[in-house]
Amino acid sequence: MDDIAERAGVSKPTIYRRWPSKEVLVIEALAASIPSLDGVDGKEPRAGLVEVVRGILSIGIGGGAGMMGRLADPPSPDPDLAKIFEERVVNPQREVVSVLLSRAIEEGSLPPDADVSLAIDLLYGAAFFHRAEILAAKSVRQAEEAFARRIVALLWRGLGGSD
């Protein structure tokens, strides 16, 4: 927190007035680093889902991945931190995908019984796993667009969607 205050040119108490802990500050920084999904909900549902996956793949989490994991699944969960993480990071992302999938159901591209909640989990799970695998292997990332389209196509077919 000392380094943050120094770089910001403010006192440490100023930092703590806005962010009561390092974890809350990291959550806010993570929420700010996630690519904006503004405008995605206005796209054709499949194209919007591809943009969501591409956004996940482009998150510059680098060394922050460990902190993100600790916030998402801490050894001794702090319910207040978990709630902040859910409200600031998880829910906004889930809402956009929910809107896209719900629109696809309304348009008849997906069947009415499509499991939207599970589809969201599968979409994010696959994208984050792929991102973590790339970071762990330090391998060359395959084209984000191609991977994103493959994931969405597989998800779409699994939900019983039509092209």
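The values are calculated or read from the model by the stated rules, or taken from the named source; none is laboratory data. A quick note: this is a predicted structure, and the numbers were derived from the prediction, not measured. Counting neighbours? That spans all protein chains shown, and the Cβs are built from the backbone with ideal geometry, glycine included. Ligands, DNA and RNA are excluded from the accessible area calculation, which covers all protein heavy atoms including side chains. Shrake-Rupley method; radii C 1.70, N 1.55, O 1.52, S 1.80 Å.
Can you tell me which residue within segment 3-35, out of those that are over 30 Å from ILE56 (Cα atoms) and assigned to a helix (DSSP H, G or I), is least open to solvent (accessible area, probe 1.4 Å)? Explain how you work it out, then say what you get.
The initial filter retains those residues of segment 3-35 that are over 30 Å from ILE56 (Cα atoms), namely 6, 9-14, 17.
Next cut, assigned to a helix (DSSP H, G or I) only: 6, 12-14, 17.
On the way: GLU6: 146, LYS12: 81, PRO13: 77, THR14: 52, ARG17: 177 Å².
Once the filter is applied, the top-ranked residue is THR14.
Taking segment 126-163 as the range and being part of a helix (DSSP H, G or I), of a type outside the set (Lys, Arg), open to solvent by 40 Å² or more (accessible area, probe 1.4 Å) and at pLDDT below 90 as the test, the residues that pass are PHE128, PHE129, ALA132, GLU133, LEU135, ALA136, ALA137, GLU144, GLU145, ALA146. For segment 104-115, the tally of residues that are open to solvent by 30 Å² or more (accessible area, probe 1.4 Å) and either part of a helix (DSSP H, G or I) or modelled with pLDDT under 90 (or both) stands at 3.
Figure legend. Inter-residue proximity from segment 119-132: first residues farther than 15 Å from ALA146 by Cα, second residues at pLDDT below 95 and open to solvent by less than 10 Å² (accessible area, probe 1.4 Å), beta-carbon distance below 6 Å, spacing 6+ or different chains. Indicated pairs: ALA119/LEU101; ILE120/VAL97. Do you know which of the residues in segment 51-101 that are among the acidic types (Asp, Glu) and modelled with pLDDT of 80 or more is least open to solvent (accessible area, probe 1.4 Å)? Of everything passing the filter in segment 51-101, GLU51 is least open to solvent (accessible area, probe 1.4 Å).
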